[in-house]
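Peer 1: I am attaching a structure below and will ask some questions about it afterwards.
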Amino acid sequence: MHDYLFDDSDMKIAQSPDHSGDQFDTLSFLEESRKQHFNGNIQKARTLGSNIVSAFSYKAAPDEQVQLAQQCGVELDNTCVLQMKQLTVFAAEYCMETYIPAALSAVAIGAMYDVLENVSPDLYKAMSASMAFSYYHLCLNEGGELAENIGKRFAVLCGKKNNAAVAEFGRQLFLINTEVFRKAIQNYAFV
């Protein structure tokens, strides 16, 4: 056998990247979790997430949303109603991530999806197969006004890409929902 076929003297050994700055502080996390549990914030976050589902688990669009669509000159069809629900779920998640500390927002969002899966399995399944959240998350990093960007994505998801009325409806729907969810979060008075 020829030794030169197996000569590995010129091979370099790859070293693992240094992640020392990325270490998770387990003790701090456990202390914070204990503190949030005993001051009642964890239960408040679960309750918030569970209760918020009522805002988008409807079968038919609520009257206020139908009126808003009419004011914007939008005719609601099944696709638009589904996108309204998904936009509302996104707005709820966005508000929980924005207005609640990270550990609590994860609890609230988890509770929201658990309840949604039970009370509206069709919406839950549609959301899991949809790219809507990916599109909306892209808006968070775009320049310009967030609600306007969300409205444009909403129009695309409704199959009406260049329809200014649908984009305006999506923009207003996002603004209204974020205001409602922000106030709901404030009412929970996290300590």
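Peer 1: Scanning the stretch 50-61 for residues that are part of a helix (DSSP H, G or I) and either surrounded by 15 or more Cβ atoms within 10 Å (Cβ to Cβ) or among the aromatic types (Phe, Trp, Tyr) (or both), which turns out modelled with the lowest pLDDT?
Peer 2: Ala55
Peer 1: Still on this model: Test each condition in (1) of a type in the set (S, T, N, Q); (2) open to solvent by 60 Å² or more (accessible area, probe 1.4 Å); (3) closer than 30 Å to Leu104 by Cβ for Thr47 and report the one that comes out false.
Peer 2: Every listed condition holds for Thr47 apart from (2).
Peer 1: Restricting to the stretch 158-189, name every residue that is open to solvent by less than 50 Å² (accessible area, probe 1.4 Å) and over 18 Å from the mean Cα position of the chain (by Cα).
Peer 2: Cys158, Ala165, Val166, Ala167, Phe169
Peer 1: I'm checking my understanding of the structure. Among residues of the stretch 119-146 that are of a type in the set (S, T, N, Q), out of contact with any Ser or Thr (no Cβ under 7 Å at 6 or more places or on another chain) and under 19 Å from Phe56 (Cβ atoms), which one is least open to solvent (accessible area, probe 1.4 Å)?
Peer 2: So the residue we want is Ser130.
Peer 1: For Ala155, are the conditions met, namely being surrounded by 17 or more Cβ atoms within 10 Å (Cβ to Cβ) and at pLDDT 95 or above?
Peer 2: yes
Peer 1: Answer with yes or no whether Ala91 is under 25 Å from Gln36 (Cβ atoms) and surrounded by 18 or more Cβ atoms within 10 Å (Cβ to Cβ).
Peer 2: yes
Peer 1: Tell me which residues, restricted to the stretch 73-104, are assigned to a helix (DSSP H, G or I), out of contact with any Ser or Thr (no Cβ under 8 Å at 6 or more places or on another chain) and either acidic (Asp, Glu) or on the phi > 0 side of the Ramachandran plot (or both).
Peer 2: The answer is Glu93, and nothing else.
The values are calculated or read from the model by the stated rules, or taken from the named source; none is laboratory data. These numbers come from a predicted model, not from an experiment. Glycine also receives a Cβ, built like all others from the backbone with ideal geometry; neighbour counts cover every protein chain displayed. Keep in mind that these areas ignore ligands, DNA and RNA; they rest on the heavy atoms of the full protein, side chains included. Shrake-Rupley method; radii C 1.70, N 1.55, O 1.52, S 1.80 Å.
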